[in-house]
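Engineer: Right, I'll just put the structure down here and ask away after.
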Amino acid sequence: IDATNDPDAPNYYEFTCSKRNGIEADIGNVAGQINVYYVQTVDGSTSRGQSCQVGSNFSALGANAGVELQSHEIGHNLYLFH
């Protein structure tokens, strides 16, 4: 789902896990799929990511996060720990 033009999107540009429920409700979340949200910053950094919970279907990535971080966060979704 491309939510670039969603009027609620700016509320989540500076993402922290406290905004997870809001981004899922306002932007959308597809059950049975891993949902990846690209935002400007995660926890104050453009190169961070968060799955917010091991075993979830959620990942948020900052604007400068690379594919290796996306793989890392998806690993958390699949119950992989550090």
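Engineer: Determine which single condition Val36 fails, assuming it passes every other condition in (1) of a type in the set (Val, Ile, Thr); (2) part of a loop (DSSP other than H, G, I, E, B); (3) under 21 Å from Leu78 (Cα atoms).
Structural biologist: Looking at each condition in turn, Val36 falls short on (2).
Engineer: Please list, ordered by first then second residue, the pairs with beta carbon atoms under 9 Å, 6 or more apart or interchain, first in the stretch 46-60 and without any contact (Cβ under 8 Å) to a residue 24 or more places away in the chain, second of a type outside the set (Gly, Ala, Ser) and part of a loop (DSSP other than H, G, I, E, B).
Structural biologist: Filtered contacts from the stretch 46-60: Thr46/Gln40; Thr46/Asn64; Ser47/Asn64; Ser56/Ile34.
Engineer: For the stretch 1-21, how many residues are more than 15 Å from Ala65 (Cβ to Cβ), open to solvent by 100 Å² or more (accessible area, probe 1.4 Å) and not polar (S, T, N, Q)?
Structural biologist: 3
Engineer: Does Thr41 meet the test of being exposed (fewer than 15 other Cβ atoms within 10 Å of the Cβ) and touching a residue at least 12 places away in the same chain (Cβ under 8 Å)?
Structural biologist: no
Engineer: Here's another thing I want to ask about it. Out of the residues in the stretch 54-76 meeting the condition of being surrounded by fewer than 21 Cβ atoms within 10 Å (Cβ to Cβ) and assigned to a loop (DSSP other than H, G, I, E, B), tell me which one is modelled with the lowest pLDDT.
Structural biologist: Top of the filtered list is Gly66.
The values are calculated or read from the model by the stated rules, or taken from the named source; none is laboratory data. Here the structure is a predicted model, which is why all the values come from computation and not from measurement. Virtual Cβ from ideal backbone geometry, glycine too; neighbours counted across all protein chains shown. Ligands, DNA and RNA are excluded from the accessible area calculation, which covers all protein heavy atoms including side chains. Shrake-Rupley method; radii C 1.70, N 1.55, O 1.52, S 1.80 Å.
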